[in-house]
Amino acid sequence: MTDNPLVSILCLCYNQEKFIKESLESIKAQTYKNFEIIICDDFSQDQSVDVIESWILENTDLKIEFVKHSQNIGITKTLNELFKISQGKYIQILALDDILENDKLERHVAMLENSSDEYAMVFSDAHLMNNDSKLYQNKFIARHLFYLSLESQNFYQMLLRRNFIPAMSVLMKRENLIKENGWDESLPYEDYDMWLRLGKNYSFLFDETISCSYRLHDNNSHRKSNVINHISFFDILFKHKGEENVREILFGHLEKIYRGKALTNEHIAFYNYYPIQSFSERCIKNNYNPKLYRLALEIQRLLKYFQVFINGIFSRQ
């Protein structure tokens, strides 16, 4: 094990003035001390910059770099910018409304230092907390999976079905991020695409000890059911279209959006990659009224039942 390798903590901020200090203090309180803090404010419209600058002045003993954007460029472009500045062997990302447990870096550096090249990163579950940092009874992974028993393994097939990994819980090996050429700047969010790309080729370590807390408030995606960019979700999974079950997964999402009369261009993108398989799917491709789709499904069900019935008659003759 290398003696205390450097960890780069990439801190992202956008209109988080109320939570910044608590988040940065959780970095300062780490039992593992060899880290650098690289903060970016992505053109906040509140007092975030003032709060960050004040905290930096109070902590001149820490290695900190502060990047201020004059326009909002988004998460993925910001991460690539900060990653190029960073020097650490390991990369920790932290939105400045979440917090780390005091031994987070110490535990996860040790786990990665003692891991083989098979493993690209380590993650854990996360507490859920409100605006006042009070913890909810439920945990992050339980909101996304029906079972809670996880162990270190390859999670690729599980991740194709849903993203259940708390981003702030992850510590990644720099070398693997370099191999992946960083984050895809065409996407509005960073984590799911990266977990899938890494998961296709590597296993992940799972730490049973909760290492962080994720804040649920009005401005984050896990709180808003309508904030997910469906086109981006499809773009992410289209990268894995060669996988046998990806069509089924994407169609399930497409059907849900269609039934909710919320299609934008997902149906066009989907059928650019996959051929129509039935009249009911033709309804989706042409964005017909969902009532027609439900009728088509009922007709298909009856035809299937009729076919089984006919086959049964002939098999008895």
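Pick the calculated Cα extents along the principal axes in Å for this structure from (1) 87, 43, 38; (2) 55, 45, 45; (3) 70, 44, 34?
Matching the structure shown: (1).
From the phi angles alone, apply the Karplus equation (6.51, -1.76, 1.60; θ = phi - 60°) to the stretch 237-245 and give each ³J(HN,Hα) in whole Hz, x where the residue is Gly or Pro.
Result, rounded to whole Hz: 6, 4, 5, 10, 5, x, 6, 4, 9.
Work out, in µm²/s and without decimals, the Stokes-Einstein translational diffusion coefficient of the stretch 14-117 at 10 °C, 1.306 mPa s, Rh from Kirkwood over C-alpha pairs.
So the translational diffusion coefficient is about 109 µm²/s.
Suppose each label sits 7 Å from its Cα in the direction of the beta carbon; what would the Arg259-Phe43 distance come out to in nanometres?
3.9
Using a 1.4 Å probe and ignoring any ligands, DNA or RNA, find the accessible area of Leu135 and quote it in Å² to the nearest 10.
Surface accessible to solvent at Leu135 totals approximately 100 Å².
List the GluC sites (Glu not before Pro) within the stretch 47-127 that fall in a DSSP loop (any state other than H, G, I, E or B) and whose Cβ has at most 16 other Cβ atoms within 10 Å.
Details: sites: Glu53, Glu58, Glu65, Glu81, Glu101, Glu106, Glu113, Glu118; in loops: Glu101, Glu118.
Taking the stretch 47-127 and a limit of 16 other Cβ atoms within 10 Å, the loop GluC sites (Glu not before Pro) found are Glu118.
Have a look at His267, His217, Ser23 and report the one farthest towards the positive end of the charge dipole of the chain, computed about the Cα centre with Cβ charges (Lys/Arg +1, Asp/Glu -1).
Comparing the listed Cα positions along the dipole, His267 ranks first.
So how tilted is helix 48-58 from the main axis of the chain? Cα-based, degrees 0 to 90, rounded to 10.
The angle comes out at about 40 degrees.
Could you pull out the pairs from Lys104/Lys173; Lys68/Lys104; Lys261/Lys304 whose alpha carbons sit more than 19 Å apart here?
Numbers: Lys104/Lys173 15 Å; Lys68/Lys104 27 Å; Lys261/Lys304 27 Å.
Listed pairs above 19 Å: Lys68/Lys104; Lys261/Lys304.
Using a 10 angstrom cutoff on alpha carbons, build the Gaussian network for the chain and name the most mobile of His253, His127, His108.
Top of the fluctuation ranking is His253.
Assigning unit charges at the beta carbon (Lys, Arg +1; Asp, Glu -1) and nothing else, what dipole magnitude in debye, to the nearest 20, does the chain show about its Cα centre? Present the calculation step by step, with values, prior to reporting the outcome.
Details: 37 positive and 43 negative charges, 416 e Å.
The dipole of the chain has a size of about 2000 debye.
Have a look at Val122, Ala296, Leu205 and report the one farthest towards the positive end of the charge dipole of the chain, computed about the Cα centre with Cβ charges (Lys/Arg +1, Asp/Glu -1).
It is Ala296.
Would you work out the charge dipole size for the stretch 135-292 about its Cα centre, treating the Cβ of every Lys and Arg as +1 and the Cβ of every Asp and Glu as -1, and quote it to the nearest 20 debye?
Details: 21 positive and 18 negative charges, 110 e Å.
So the magnitude is around 520 debye.
So what is the accessible area of the stretch 57-143 per residue, in Å², with the probe set to 1.4 Å?
Roughly 49 Å² per residue, with all protein chains present.
In whole Å and largest first, what semi-axes does the C-alpha gyration tensor of the stretch 235-290 yield when each eigenvalue is scaled by 5 and square-rooted?
Ellipsoid semi-axes (Å, largest first): 18, 12, 10.
Rounded to the nearest 500 deg cm²/dmol, what is the calculated helix-only ellipticity per residue at 222 nm for the chain, with -39500 (n - 2.57) per DSSP H run of length n ≥ 4?
Working: 12 runs with 129 residues, N = 317.
The per-residue figure over the chain is -12000 deg cm²/dmol.
Over the stretch 54-157, with every protein chain in place, what whole percent of the accessible area is carbon and sulfur at 1.4 Å, could you tell me?
It is 46 percent, rounded to a whole number.
Tell me which trypsin sites (Lys or Arg not before Pro) from the stretch 247-314 have a DSSP coil assignment and no more than 14 other beta carbons within 10 Å of their own.
Hits after loop and neighbour filter: Lys261.
Of all alpha-carbon pairs in the stretch 86-232, indicate the percentage at a distance above 20 angstrom.
That tail contains 47 percent of the Cα-Cα pairs.
Counting other Cβ atoms within 10 Å, which trypsin sites (Lys or Arg not before Pro) in the stretch 76-137 have at most 15 and lie in a DSSP loop?
Within the stretch 76-137, the qualifying trypsin sites (Lys or Arg not before Pro) (loop, at most 15 other Cβ atoms within 10 Å) are Lys134.
Among Asp61, Asp207, Asp42, which one shows the highest mean-square fluctuation when the chain is modelled as a Gaussian network with alpha-carbon springs under 10 Å?
Looking only at Asp61, Asp207, Asp42, the largest GNM fluctuation is found for Asp61.
Any idea which of Asn59, Gln92, Ser232 is furthest toward the positive side of the dipole for the chain, if Lys and Arg beta-carbons carry +1 and Asp and Glu beta-carbons -1?
Looking along the dipole axis, the top candidate is Ser232.
The values are calculated or read from the model by the stated rules, or taken from the named source; none is laboratory data. Please read all numbers here as calculations on a predicted model, not as lab measurements. Positions of Cβ are backbone-derived with ideal geometry, glycine not excepted, and every protein chain shown enters the neighbour counts. Areas reflect the complete protein model, heavy atoms only, side chains present, ligands, DNA and RNA absent. Shrake-Rupley method; radii C 1.70, N 1.55, O 1.52, S 1.80 Å.
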